[in-house]
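Colleague: Structure incoming, see below.
The values are calculated or read from the model by the stated rules, or taken from the named source; none is laboratory data. Computed from a prediction, not measured in an experiment: that's the story for all the values here. Using ideal geometry, Cβ is built from the backbone for each residue, glycine included, and neighbour counts are taken over all protein chains shown.
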Amino acid sequence: MTEGRQAEGVQVPALMVPFLDLSAMHAEVAGELDTTWREVMAANAFIGGEFVAGFERQWADYCGVSHAVGVANGTDAIALTLRGLGVGAGDEVVVPANTFVATAEAVALVGAVPRFVDVDPSTLLMTADSLRTGITPRTAAVIVVHLFGQLADMDALGRVAEAANIALIEDAAQAHGGTWRGRKAGTFGHAACFSFYPGKNLGALGDAGAVVTNDEQLAARIRSMSNHGRGHSNHAHALVGTNSRLDGLQAGALSIKLRRLDAWNRARQSAAAAYRRQLDGTSVRLVEVAEHADSVHHLLVARVPDRATIREELKRRGVQTGVHYPVPCHLHPAFANTTNESLPTAEQAADEILSLPMFPHISNEQISHVCTSLQKLLVDIEELVTADAR
Ligand SMILES: *Cc1c(COP(=O)(O)O)cnc(C)c1O
């Protein structure tokens, strides 16, 4: 009974494979988290304070930059970075079309206009050529998104941004610890933005985010804006800011989980390698990883025909999947007035991409179950197509 048993006509899958399982990660650190809660409470360090300062230092050191500013979430990290760089009304910011909507949202929130560009068909990342297509006399910045955990070609993108005299911002919300030619995400741009949403490679136990930069003045401006525009004195508001601070409880949890980040990233990389080995020679195509990129596989994305059927059939076999993202940003009603160009690679990818289960503690048995199920479904679909053609 390897295929599961029949119960009142409903197939019970032989093995369940969740899309993401955070509980095994949290089990590893549960004891340490308990201690931290008590320490944060004893210190009354709920907002700002020693736990936030400690994590900011650790995160800057981990990334290899001089400053990290903890903020409330990844979206704010991007918006505050844009404002800190003086980007606002009248400016355009180049953004890849296939990203989580927050990248574009942050641009709109500061009063600028996102200018969407297409991406590379094999990696689904922005390229130097696609960046060039988006640059106009109004361009103030580009936000390069390290989608799915893989860094884009930062050498080529850096050269184009420099020649055009625009700011380069990394949206590294999916790439904690990922590298390009051995250099970490967060070290290439004027600033880089991280989200610590629970499902990210480094996740808090709620919302959290950070900006990292080597620019001391930019860090100081973002720190001030994230805390109501405060200067050195609590009641001197030099800038119009907002409330986007990192909580001590979240910072304490992040410090503990940061010690595991490299091990968890390596576990994701082994899982990705196992998927690639097992799917090699089948008709399942995975999004490629470029030679100089070391992806931390926030997501493992395949491209399939007839995605809706495949998702449904995988679900019946106990395999949960996701789609990141089904609609490219330029086709959302919210951004309808920003472009009328078609971006064919991003549009086609949006119809085909399928995110397979990926998390540090996924077992080889689970990976094999996903791969055999997927392979079998694709063979069935191909046979149907051939039969229809006859
Ligand atoms: C998660 C994410 C964000 C936004 O982060 P939040 O913490 O949810 O605000 C931005 N960009 C990308 C690419 C993301 O994956």
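Colleague: For residues in the range 216-229 being out of contact with any Ser or Thr (no Cβ under 6 Å at 6 or more places or on another chain) and closer than 20 Å to F55 by Cβ, which is farthest from the ligand (Cβ to nearest atom)?
Modeller: Result: E216.
Colleague: If I ask for residues that are among the hydroxyl-bearing types (S, T, Y) and closer than 22 Å to M41 by Cβ, which ones from the range 234-256 would you list?
Modeller: The answer is S255, and nothing else.
Colleague: Of the numbered conditions (1) under 16 Å from the mean Cα position of the chain (by Cα); (2) outside any strand (DSSP E or B); (3) small (G, A, S), A192 satisfies every one except a single condition; which is it?
Modeller: Every condition holds for A192 apart from (2).
Colleague: If a residue has to be within 16 Å of the ligand (Cβ to nearest atom), surrounded by fewer than 23 Cβ atoms within 10 Å (Cβ to Cβ) and under 17 Å from M154 (Cβ atoms) to count, how many in the range 88-133 make the cut?
Modeller: 1
Colleague: Considering only the range 72-86, state which residues are touching a Leu at 6+ places or on another chain (Cβ under 6 Å) and within 16 Å of the ligand (Cβ to nearest atom).
Modeller: Selection gives A79 alone.
Colleague: Related question: Can you tell which of V301, V296 is closer than 30 Å to L377 by Cα, modelled with pLDDT of 95 or more and assigned to a loop (DSSP other than H, G, I, E, B)?
Modeller: V296 is the lone residue from the list that is closer than 30 Å to L377 by Cα, modelled with pLDDT of 95 or more and assigned to a loop (DSSP other than H, G, I, E, B).
Colleague: Suppose we filter A336, A308, A302 for residues that are of a type in the set (A, V, I, L, M) and buried (at least 20 other Cβ atoms within 10 Å of the Cβ); which single one remains? Before you say what the answer is, go through the steps one by one.
Modeller: On the way: A336 fails: buried (at least 20 other Cβ atoms within 10 Å of the Cβ); A308 fails: buried (at least 20 other Cβ atoms within 10 Å of the Cβ).
A302 is the lone residue from the list that is of a type in the set (A, V, I, L, M) and buried (at least 20 other Cβ atoms within 10 Å of the Cβ).
Colleague: Quick one: in the range 306-362, which of the residues that are in a helix (DSSP H, G or I) and of a type in the set (S, T, Y) is nearest to A14 (Cα to Cα)?
Modeller: T309
Colleague: Something else about it: Among residues belonging to the range 244-258 that are of a type in the set (A, V, I, L, M, F, W, C) and in a helix (DSSP H, G or I), point out the one that is nearest to Y62 (Cα to Cα).
Modeller: So, considering only residues that are of a type in the set (A, V, I, L, M, F, W, C) and in a helix (DSSP H, G or I), the one nearest to Y62 (Cα to Cα) is L258.
Colleague: Sticking with this structure for a sec: Read through the list (1) surrounded by fewer than 21 Cβ atoms within 10 Å (Cβ to Cβ); (2) under 30 Å from R115 (Cα atoms), then give the number of the only condition that H361 fails.
Modeller: Result: H361 fails condition (2) only.
Colleague: OK, next. List, please: which pairs have Cβ atoms under 6 Å, are six or more places apart or on different chains, and start with a residue in the range 65-90 that is under 13 Å from G186 (Cβ atoms) and end with one that is away from the ligand (no atom under 15 Å from the Cβ) and polar (S, T, N, Q)?
Modeller: So the pair list comes out as V65/T187; V65/N214; S66/N214; H67/T213.
Colleague: Within 16 Å of the ligand (Cβ to nearest atom), crowded, with 18+ Cβ neighbours inside 10 Å, under 18 Å from N73 (Cα atoms) and modelled with pLDDT of 95 or more - does that describe any residue in the range 151-166?
Modeller: Among the residues of the range 151-166, not one is within 16 Å of the ligand (Cβ to nearest atom), crowded, with 18+ Cβ neighbours inside 10 Å, under 18 Å from N73 (Cα atoms) and modelled with pLDDT of 95 or more, which makes the answer no.
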